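S.K.: Handing you a structure now.
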Amino acid sequence: MLDYRIAARRINAEGSVANARTAEIQLESGLSGSPDAFNPAELLLAAIGYRLVKRIEHVTPMLDFKLGGVEVSPDAVRQENPPRIISIDYGLVVDSNESDRRLELRHKNVLKYGMISNTVAAATHLDGTIKRKS
């Protein structure tokens, strides 16, 4: 079993930072917001995007999948009362000459074995598409 830990701390009235190992990310925690920092919803979307890309990258050599690049663009719909994310959709664009069938199998594999996508899907509606980069 793996345990994950970060440390987050307030820097000033506009923002905070979170650290994991030697990495640091700017957080928007002030009331006025900050254009150069992530807000909580953006952090969640970044985690989903990161994990989709990482999962594809992880199994590419094992499945002899030809891959030039991957882009993912998740977006969320927020409900106001009570405040929560009610759905997350994403588009996964893969730079590959693999067949449509292999692309779709890759997508199913990512969803089936993705820790973040499985965690998020248990809490809200998660849906996405995969397509070849044109």
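S.K.: Filter the range 2-41 down to residues that are on the phi > 0 side of the Ramachandran plot and exposed (fewer than 10 other Cβ atoms within 10 Å of the Cβ), then give me how many there are.
M.R.: Qualifying residue count for the region: 1.
S.K.: Take the residues of the range 94-123 that are part of a helix (DSSP H, G or I) and either of a type in the set (Ser, Thr, Tyr) or outside the structural domain of Glu71 (by TED's automatic domain parsing) (or both): which is surrounded by the most Cβ atoms within 10 Å (Cβ to Cβ)?
M.R.: For the range 94-123, the residue satisfying everything is Ser117.
S.K.: Within the group Arg21, Arg55, Arg84, which residue is among the basic types (Lys, Arg) and assigned by TED's automatic domain parsing to the domain that holds Arg10?
M.R.: Arg21
S.K.: Can you name every residue in the range 120-134 that is in contact with a helix residue (DSSP H, G or I) (Cβ under 9 Å, 6 or more places away or on another chain) and either at pLDDT below 90 or β-branched (Val, Ile, Thr) (or both)?
M.R.: Matches in the range 120-134: Val120, Thr129, Ile130.
The values are calculated or read from the model by the stated rules, or taken from the named source; none is laboratory data. Computed from a prediction, not measured in an experiment: that's the story for all the values here. Heads up, the Cβs are rebuilt from the backbone with ideal geometry, glycines too, and the neighbour counts pull from every protein chain shown.
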